[in-house]
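Let me begin by presenting the structure, written as structure tokens, before commenting on it.
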Amino acid sequence: MSTRTYEPASARRVAFLGLGVMGHPMAGHLARAGHQVTVYNRTAAKARAWVDEYGGGFAATPAEAAQGAEFVFCCVGNDDDLRSVVLGDAGALAGMASGAVFVDHTTASAAVARELHAEAARRGVAFVDAPVSGGQAGAVNGALTVMCGGDAAAFEAMKPLAMCFAKAVTLLGGPGSGQLAKMVNQICIAGVVQGLAEAVRFGQNAGLDMVQVLDVIGKGAAQSWQMDNRGKTMVADQFDFGFAVDWMRKDLGLVLDEARRNGSRLPLTALVDQFYADVQALGGNRWDTSSLIKRL
Ligand SMILES: NC(=O)c1ccc[n+]([C@@H]2O[C@H](COP(=O)([O-])OP(=O)(O)OC[C@H]3O[C@@H](n4cnc5c(N)ncnc54)[C@H](OP(=O)(O)O)[C@@H]3O)[C@@H](O)[C@H]2O)c1
């Protein structure tokens with residue numbers, strides 16, 4: 001866990017659903033900031049391990065975790081996973097009181113955000129879609145960027161809590177807007193990583209010392225987060241860390257679906273999505289997204 005400090009705030013009753021790579025440290029920051037956190041994880045052993053580390057409590061179902069919570073945070077895999085922890089008798093909505101706020105940090109579709117916003121509203125519960133950027137390091141260091149969609153009052157209520165694990169939490173519009181902003185983020189990343197992969201391989205084939213070259217050009221107009229954080233690991237052929245190719249394909253699938261709906265042309269993004277399919281065929285499902293260079 002990082003050495004992050006927290007703004008003083010009154011302790012809130014909070015639930016956190018999904019203690020994966022991202023959820024585990026995010027929930028940890030809420031506990032370290034003094035909030036009363038009850039966790040739920042499908043694989044119960046991970047919930048027990050979290051409680052051993054941070055205190056708080058764990059529940060057997062999302063509904064149980066959500067009972068009495070003012071805020072329910074969630075970070076699971078995809079649309080179906082999200083529906084399975086929100087809806088049904090054991091889902092969080094079944095346990096939430098009117099006036100409570102559900103905050104979803106899963107990267108999911110804008111459509112499921114709108115669907116669950118409407119379902120929550122029928123029960124007097126607010127729903128904020130709030131996907132994150134910043135990766136595992138951002139979650140561990142409490143330095144994520146959170147892109148939100150939903151109602152202004154619910155956003156203002158959840159923002160101080162989300163600031164426990166973020167450096168920026170911003171409302172970008174109504175339900176689904178957070179997910180749409182995250183899609184913009186992933187479109188930007190896809191093109192940049194492919195460009196960086198081609199540049200590194202070209203330099204290696206030309207016989208250049210690519211570590212030295214990246215140090216030089218990283219101080220000029222070619223600089224990017226990907227170059228700073230992934231350039232040298234690409235040169236070193238290291239990919240067993242970071243943001244998994246399988247997750248990126250899920251995200252680009254969401255992007256391309258949305259593009260068909262809103263009439264956007266994304267030729268480069270569609271191509272890079274296919275390049276990631278090649279990486280999966282090489283066995284790189286869990287490799288970091290910088291592994292695009294492996295197919296060159
Ligand atoms: N990792 C990153 O760098 C990163 C960065 C930005 C955004 N994201 C997004 O954040 C989300 C989570 O990513 P992650 O890396 O934390 O994933 P992860 O490590 O695979 O964790 C996924 C979590 O969701 C739970 N889950 C999955 N399906 C479920 C279901 N049907 N019912 C109940 N729980 C379920 C898992 O429970 P189990 O423990 O039982 O499997 C686990 O707690 C994804 O949408 C991802 O795209 C990830």
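For the reader, a short list of remarks on this structure follows.
- Of residues in segment 195-224 being over 20 Å from R295 (Cβ atoms) and among the polar types (S, T, N, Q), the one most open to solvent (accessible area, probe 1.4 Å): Q212
- Residues being over 14 Å from C188 (Cβ atoms) and in a helix (DSSP H, G or I) - total across segment 260-272: 6
- Residue count, segment 50-84 (criterion: farther than 22 Å from R114 by Cβ, open to solvent by 50 Å² or more (accessible area, probe 1.4 Å) and within 14 Å of the ligand (Cβ to nearest atom)): 3
- Taken as a whole, the structure leaves Q194 outside the set of residues that are on the phi < 0 side of the Ramachandran plot, under 19 Å from the mean Cα position of the chain (by Cα) and not assigned by TED's automatic domain parsing to the domain that holds G99.
- Filter pass, A181 being open to solvent by 20 Å² or more (accessible area, probe 1.4 Å) and within 16 Å of the ligand (Cβ to nearest atom): yes
- Selection count where residues are in a helix (DSSP H, G or I) and either outside the structural domain of L19 (by TED's automatic domain parsing) or without any contact (Cβ under 8 Å) to a residue 40 or more places away in the chain (or both), scope segment 133-143: 2
- All conditions in (1) open to solvent by 20 Å² or more (accessible area, probe 1.4 Å); (2) more than 11 Å from the ligand (Cβ to nearest atom) hold for L30, with the sole exception of (1).
- Filter pass, R13 being at pLDDT below 95 and surrounded by fewer than 20 Cβ atoms within 10 Å (Cβ to Cβ): no
- Scanning segment 95-127 for residues that are of a type in the set (D, E) and within 16 Å of the ligand (Cβ to nearest atom) turns up just one, D104.
- R4 falls short on exactly one of the conditions (1) surrounded by 17 or more Cβ atoms within 10 Å (Cβ to Cβ); (2) closer than 21 Å to G135 by Cβ; (3) touching a residue at least 40 places away in the same chain (Cβ under 8 Å), and that condition is (1).
- Only helices (runs of 4 or more DSSP H) whose full extent lies in segment 144-250 are considered here, and the ones with at least 2 residues that are in contact (Cβ under 8 Å) with a residue 12 or more places away in the chain and under 16 Å from T107 (Cβ atoms) are 177-205.
- Taking segment 259-296 as the range and being in contact (Cβ under 8 Å) with a residue 40 or more places away in the chain, more than 23 Å from S224 (Cα to Cα) and either surrounded by 19 or more Cβ atoms within 10 Å (Cβ to Cβ) or more than 21 Å from the chain's Cα centre (by Cα) (or both) as the test, only G284 passes.
- Yes/no for A92 being in contact with a Leu (Cβ under 7 Å, 6 or more places away or on another chain) and more than 10 Å from the ligand (Cβ to nearest atom): yes
- Selection within segment 144-171 - open to solvent by 60 Å² or more (accessible area, probe 1.4 Å) and hydroxyl-bearing (S, T, Y): T170
- Here G242, G149 are screened, and the one residue that is in contact with a Ser or Thr (Cβ under 8 Å, 6 or more places away or on another chain) and modelled with pLDDT under 95 is G242.
- Members of segment 85-132 that are open to solvent by 10 Å² or more (accessible area, probe 1.4 Å), more than 13 Å from G149 (Cα to Cα) and in a loop (DSSP other than H, G, I, E, B): L87, G88, D89, A90, M96, A97, S98, G99, R123, G124
Results for (1) out of contact with any Asp or Glu (no Cβ under 8 Å at 6 or more places or on another chain); (2) farther than 18 Å from D129 by Cβ; (3) within 16 Å of the ligand (Cβ to nearest atom), shown as yes or no for each residue.
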| site | (1), (2), (3) |
| --- | --- |
| G173 | yes, no, no |
| Q186 | no, no, yes |
| Q212 | yes, yes, no |
| V216 | yes, yes, no |
| S224 | yes, yes, no |
| R249 | no, yes, yes |
| D273 | yes, yes, yes |
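The values are calculated or read from the model by the stated rules, or taken from the named source; none is laboratory data. What you are looking at is a predicted structure, and each value in this text was computed from that prediction instead of being measured. Methodologically, a virtual Cβ is constructed for each residue, glycine included, from the backbone with ideal geometry; neighbour enumeration extends over all protein chains shown. What goes into the accessible areas is simple: the full protein's heavy atoms, side chains included, and nothing from ligands, DNA or RNA. Shrake-Rupley method; radii C 1.70, N 1.55, O 1.52, S 1.80 Å.
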